[in-house]
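Okay, structure first, notes after.
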């Protein structure tokens, strides 16, 4: 029987997932760092992270439901018409499909490393700091003129590879795609918005895969606590989407840059003190 403490920890991790998933600060890094500091003292694992991300992605599906439905419907019409129907929504659907390929292929090729070696906290702390500098540079020097109506096939593929970098905890899915978008000249809001849309198939496929695996005999995933964490991540994530899109339309990413650097340095400190183990 799952203890009350396990549910409490899962609820906390779900809240953390919802608060950090859409911000460029890496939700997977936060779960990886905080997990060992909780009473149970263990890494929540890549499977728990992927499944709880279904909750935050459900928030995206609801918030962008009209836009996503238009894209899906138009994209499917283009499939049925063998490319004869190709309006802006259908094109966006194909761009999302193209951008999902890198993370899907690399995720399968490096599955074992992603679930083991790449979760090393020295790597996580390094990625938090290094990619914060990329985000700072992109936010500082980018022209920020382009909108999503100007998204090209080349840019869509670059966005996809940037998203794939988030397979390493500490990079951040939104941070990677937003940084790439800014460097390619897109506005802060456009880069953030496309980051949300691009994540939908990748997160749902990854979470669905891990969910199916969790039903296998001997799976380490506790269904009750994981479901609670996923629900809390959904509610919190929806609120974060609303606030974040308003914030980035008027403000720079400097607060997130400073936070990432501080968190990375803190992790290095805790590792050196033996409070955290790699």
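The values are calculated or read from the model by the stated rules, or taken from the named source; none is laboratory data. No experiment lies behind these values; they were computed from the predicted model shown. Cβ atoms come from the backbone with ideal geometry, glycine included; neighbour counts cover every protein chain shown.
Can you pull out the residues in region 95-110 that are outside any helix (DSSP H, G or I) and either free of Cβ contacts under 8 Å to residues at least 12 places away in the same chain or in contact with a strand residue (DSSP E or B) (Cβ under 8 Å, 6 or more places away or on another chain) (or both)? None - no residue of region 95-110 is outside any helix (DSSP H, G or I) and either free of Cβ contacts under 8 Å to residues at least 12 places away in the same chain or in contact with a strand residue (DSSP E or B) (Cβ under 8 Å, 6 or more places away or on another chain) (or both), so the list stays empty.
Taken together, the residues in region 111-161 that are in contact (Cβ under 8 Å) with a residue 12 or more places away in the chain, farther than 21 Å from residue 35 by Cα and outside any helix (DSSP H, G or I) amount to 7.
Condition check: closer than 12 Å to residue 22 by Cα, out of contact with any strand residue (DSSP E or B) (no Cβ under 9 Å at 6 or more places or on another chain) and modelled with pLDDT of 90 or more. Does residue 257 satisfy that? Break it down into steps so the answer makes sense when it comes.
Numbers: closer than 12 Å to residue 22 by Cα: no; out of contact with any strand residue (DSSP E or B) (no Cβ under 9 Å at 6 or more places or on another chain): yes; modelled with pLDDT of 90 or more: yes.
Against the criterion (closer than 12 Å to residue 22 by Cα, out of contact with any strand residue (DSSP E or B) (no Cβ under 9 Å at 6 or more places or on another chain) and modelled with pLDDT of 90 or more), residue 257 does not qualify.
Criterion applied to 98, 80 was being surrounded by fewer than 17 Cβ atoms within 10 Å (Cβ to Cβ) and under 22 Å from residue 159 (Cα atoms), and the one residue passing it is 98.
Scanning region 255-278 for residues that are under 18 Å from residue 176 (Cβ atoms), surrounded by fewer than 17 Cβ atoms within 10 Å (Cβ to Cβ) and in contact with a helix residue (DSSP H, G or I) (Cβ under 7 Å, 6 or more places away or on another chain) turns up just one, 261.
Of all the residues that make up region 135-149, how many are surrounded by fewer than 19 Cβ atoms within 10 Å (Cβ to Cβ) and touching a helix residue (DSSP H, G or I) at 6+ places or on another chain (Cβ under 6 Å)? So the answer is 2.
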